[in-house]
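The values are calculated or read from the model by the stated rules, or taken from the named source; none is laboratory data. All figures in this text were calculated on a predicted structure; none of them were measured in a lab. Virtual Cβ from ideal backbone geometry, glycine too; neighbours counted across all protein chains shown. Keep in mind that these areas ignore ligands, DNA and RNA; they rest on the heavy atoms of the full protein, side chains included. Shrake-Rupley method; radii C 1.70, N 1.55, O 1.52, S 1.80 Å.
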Amino acid sequence: QVQLVESGGGLVQAGGSLRLSCAASGQTFGSAAMGWFRQAPGKSREFVAAINRSGDTTNYADSVQGRFTISRDNAKNTVYLEMNSLKPEDTAVYYCAAKAGRVGTGRSSAYDYWGKGTQVTVSS
């Protein structure tokens, strides 16, 4: 069992930056691949970024490639999402998720555990 708690969301102007954190409880964090997803009002949940369990392989949605960076600290049971050059279209609730296995993926159905989300609002 893994419990996930996101933090770091807030209101920021376009062009600004935020760093999201996701703290995981449980002893299986180091064996889990992690992902970040987001859901804007009226839209379905979409993939943002994923990282494998060792932290040396990442993948990103095209819409955030080059602006967002996912990383993890297995000693702290935490995964991060550094978001730069934020745009109003990045406004959403951001969720972190954990899945068994080594490799991250953009398929939300592959993830076993989800946090409750943190709101990110980017003003123009």
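Of the solvent-accessible surface of the chain, computed with a 1.4 Å probe over protein heavy atoms with every protein chain present, carbon and sulfur atoms account for 45 percent. Backbone phi angles across the stretch 2-18, fed through the Karplus curve with coefficients 6.51, -1.76 and 1.60 (θ = phi - 60°), yield HN-Hα couplings of 10, 10, 10, 10, 8, 8, x, x, x, 9, 9, 7, 4, x, x, 9, 9 Hz in residue order; Gly and Pro are listed as x.
Taking R0 as 25 Å, what FRET efficiency do you get between Gln3 and Ser124 from their Cβ-Cβ distance, rounded to the nearest 0.05? It would help to have the intermediate numbers written out before the result.
On the way: r = 35 Å, r/R0 = 1.41.
Efficiency, from the Cβ-Cβ distance: 0.10.
Distance between the modelled labels on Ala40 and Ser17, one decimal in nanometres: 2.4 nm (7 Å Cα→Cβ projection). The chain has equivalent-ellipsoid semi-axes of 23, 14, 13 Å, by the square roots of 5 times the alpha carbon gyration tensor eigenvalues, sorted largest first. The distance between label points at Ser109 and Ala75 comes to 4.0 nm (points 7 Å beyond Cα on the Cα→Cβ vector). Solvent-accessible surface of the stretch 29-89, taken per residue with a 1.4 Å probe and all protein chains present: 48 Å². Shown in residue order for the stretch 110-124 are the 3J(HN,Hα) couplings computed by the Karplus curve 6.51 cos²θ - 1.76 cosθ + 1.60 at θ = phi - 60°: 7, 8, 9, 10, 9, x, 8, x, 9, 7, 10, 10, 10, 8, 8 Hz (x for Gly and Pro). Gain on full extension, evaluated as 0.36 nm per residue between Asn59 and Arg102 minus their Cα-Cα distance, stands at 14.1 nm. Can you give the accessible area of Glu46, probe radius 1.4 Å, in Å² rounded to 10? Only protein atoms counted, so the area is about 80 Å². Lys99: which aspartates and glutamates have alpha carbons under 18 Å from its alpha carbon, excluding same-chain residues fewer than 8 sequence positions away? Cα-Cα hits under 18 Å: Glu6, Glu46, Asp56, Asp73, Asp112.
Rounded to two decimals, the Cα radius of gyration of the stretch 63-107 over 2.2 N^0.38 Å is 1.31.
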